[in-house]
Amino acid sequence: MDKPTLRRHALSLWRTLDRTALSRQVLEALVPWLGARGFRDILLYHPLPHELDLTPLVEAYPARYYLPKVAGEGLSVHPWGPLAPGPFGLLEPTTEAVDPGVLELVVVPGLAFDREGFRLGHGKGFYDRFLAGVKALSLGVVPEALLLPRLPRDPWDVPVAFLATEKGVRRSDARGALAQGC
């Protein structure tokens, strides 16, 4: 399947999922994983209606949180704070941008991911361009139902290092092996 067809398929599957329960389950797996690694500066995201909502993480795990904001062809990084409507139906931060070099972890939403950490997004490339330019570790967030064996890839696609699902956090690789202790 090509990416546009996969996007339509993924969106239809998202509509059948209990996003509230899945979000809670991912959070339950994510908090101890974060704590074991001691991340202090985390780029989160404000969810679209079809994405998992990890915003309760701000209360569940002590860290400095940031949000992305569409800035031209890329993303800028802003401290967690007040939100205002932005392009693409996103709520975006109104705080001043900071250097993305402060980030230790980038939490990335997606319509789907594959086991090697490649992401199916909305086709604009914002996260791929951003991930290509930061040194922070990356973590994709996706329900198991949308963790696919392999997605089509473009040369500019950037995989995430880890994947968080309702079944736990795993290192992204061809085997999809659980990496709870990593």
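Restricting to DSSP H runs of at least four residues, report the calculated mean residue ellipticity at 222 nm for the chain, -39500 (n - 2.57) per run over all residues, nearest 500 deg cm²/dmol. The per-residue figure over the chain is -7000 deg cm²/dmol. In the stretch 3-171, a dipole from Cβ-located charges (positive for Lys and Arg, negative for Asp and Glu) runs towards its positive end, and of TRP33, ALA164, VAL102 it is ALA164 whose Cα lies farthest in that direction.
In this simple spin-label model, placing a label point 7 Å from the Cα along the Cα-to-Cβ direction at both LYS135 and TRP156 gives a separation of 2.5 nm.
Stretching the chain fully between SER12 and GLU28 yields a gain of 3.2 nm (0.36 nm per residue, less the alpha carbon separation).
Calculate, for VAL58 and ASP2, the FRET efficiency according to 1/(1 + (r/R0)^6) with r their C-beta to C-beta distance and R0 30 Å; round to the nearest 0.05. Before the final figure, lay out each step's value.
Working: r = 37 Å, r/R0 = 1.23.
Efficiency at R0 = 30 Å is approximately 0.20.
For the stretch 157-170, putting each phi into the Karplus relation 6.51 cos²θ - 1.76 cosθ + 1.60 with θ = phi - 60° gives couplings of 5, 10, x, 8, 7, 9, 10, 10, 10, 5, 9, x, 10, 9 Hz, in residue order, rounded to whole numbers and with x for Gly and Pro. In plain terms, the chain from ARG40 to VAL98 could stretch by 19.4 nm, reckoned as 0.36 nm per residue minus the Cα-Cα distance. When you restrict to C-alpha pairs under 8 Å that are six or more residues apart and normalise by the size of the chain, the relative contact order lands at 21 percent. The convex hull around the C-alpha trace of the chain, projected and averaged over every direction, spans 9.6 square nanometres. Here's the picture: charge each Lys and Arg Cβ at +1 and each Asp and Glu Cβ at -1 in the stretch 3-171, and of VAL142, PHE126, LEU57 the one pushed furthest to the positive end of that dipole is VAL142.
A Cβ-based charge dipole, computed about the Cα centre of the chain with Lys and Arg at +1 and Asp and Glu at -1, lands at about 380 debye.
Across the stretch 133-142, computed HN-Hα scalar couplings (Karplus, 6.51 cos²θ - 1.76 cosθ + 1.60, θ = phi - 60°) run x, 10, 9, 5, 5, 10, 9, x, 10, 7 Hz from first to last residue, x flagging Gly and Pro.
Rounded to whole numbers, the Karplus 3J(HN,Hα) couplings from phi for the stretch 118-126 are 7, 10, 9, x, 8, x, 8, x, 4 Hz, using 6.51 cos²θ - 1.76 cosθ + 1.60 with θ = phi - 60°, and x at Gly and Pro.
With the highest mean first, a sort of the peptides 112-124, 35-47 on other beta-carbon atoms found within 10 angstrom per residue produces 112-124, 35-47.
None of the figures in this text is laboratory data; all of them are computed from the coordinates on show. Computed from a predicted model, the values in this text were never measured in an experiment. In this analysis, Cβ positions are derived from the backbone assuming ideal geometry, glycine residues included, and neighbour counts consider all displayed protein chains.
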